[in-house]
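Notes to accompany the following structure.
The values are calculated or read from the model by the stated rules, or taken from the named source; none is laboratory data. Note that the structure is predicted; figures quoted are calculated from it, not measured. With ideal geometry, Cβ positions are generated from the backbone for all residues, glycine too; neighbour counts draw on all protein chains shown.
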Amino acid sequence: MEKKPKGSDSERDILEHAQRGLQLFTEYRPKLMGKIQSFMNEAMKAGVLSVKEKERLALGMALTQQCHYCIALHIRNCRQVGVTFDEIMEICAVAIMMGGGPVLTLMAEVERALNEFYLDEEGNPV
């Protein structure tokens, strides 16, 4: 990945915004939210598929579902589990094949998340 300046939009802000929404729901429905979080944590544990494989799948699904919160979350998580930039581009290609033009427009979201989580402050790959 070549050196690029970071964009002005912060994916961390997007994730913080999503977290505030989840906290609101947790405040009003804590038992239900606990069950949802438990299910999600269990689903993402390594099993037949590794956590890395599951994060790649989740990113592709986030793209086809057109969820910018999920795109940011799963690109961040992909970085944490060692998914490469090239792998993300292949995931994007498959998601575009399955979701067409609407997914193609989400490459702007992908770029912002890559800038946020795959580049340092000077725009160098991390």
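Between a first residue in the stretch 107-124 that is basic (K, R) and a second residue that is assigned to a loop (DSSP other than H, G, I, E, B), which pairs have beta carbons less than 6 Å apart while being 6 or more apart in sequence or on different chains?
Listed pairs, sorted by first residue: R112/G7; R112/D9.
Does at least one position in the stretch 10-23 carry a residue that is surrounded by 11 or more Cβ atoms within 10 Å (Cβ to Cβ), over 30 Å from E121 (Cα atoms) and either among the small types (G, A, S) or touching a helix residue (DSSP H, G or I) at 6+ places or on another chain (Cβ under 6 Å) (or both)?
no
List pairs: first in the stretch 38-65 and closer than 26 Å to T26 by Cβ, second hydroxyl-bearing (S, T, Y), Cβ under 9 Å, 6+ apart or cross-chain?
A62/Y69
Restricting to the stretch 105-126, and then to whatever is surrounded by fewer than 14 Cβ atoms within 10 Å (Cβ to Cβ) and of a type in the set (A, V, I, L, M), can you tell me which residue is modelled with the lowest pLDDT?
The extreme case among them is V126.
A quick yes/no check of all residues on (1) hydrophobic (A, V, I, L, M, F, W, C); (2) on the phi < 0 side of the Ramachandran plot; (3) surrounded by 13 or more Cβ atoms within 10 Å (Cβ to Cβ):
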| position | (1), (2), (3) |
| --- | --- |
| S38 | no, yes, no |
| K45 | no, yes, no |
| E53 | no, yes, yes |
| L63 | yes, yes, yes |
| H68 | no, yes, yes |
| I75 | yes, yes, yes |
| I88 | yes, yes, yes |
| M98 | yes, yes, no |
| P102 | no, yes, no |
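Got a number for residues in the stretch 98-121 being within 16 Å of the chain's Cα centre (by Cα), assigned to a helix (DSSP H, G or I) and not basic (K, R)? Give the derivation first.
Quick first cut of the stretch 98-121, residues within 16 Å of the chain's Cα centre (by Cα) only: 103-119.
Among the residues that remain, those that are also assigned to a helix (DSSP H, G or I) are: 103-105, 107-117.
Right, trim to not basic (K, R) and you get 103-105, 107-111, 113-117.
Matching residues across the stretch 98-121 total 13.
Return yes or no: is K35 in a helix (DSSP H, G or I) and more than 19 Å from P125 (Cβ to Cβ)?
Details: in a helix (DSSP H, G or I): yes; more than 19 Å from P125 (Cβ to Cβ): yes.
For K35, the condition - in a helix (DSSP H, G or I) and more than 19 Å from P125 (Cβ to Cβ) - is met.
How do the pairs read when you match residues in the stretch 77-98 that are at pLDDT below 95 with residues anywhere that are surrounded by 14 or more Cβ atoms within 10 Å (Cβ to Cβ), using Cβ under 8 Å and keeping only pairs 6 or more apart or on different chains?
If the second residue must be surrounded by 14 or more Cβ atoms within 10 Å (Cβ to Cβ), the pairs left are F85/M1; F85/L114; F85/Y118.
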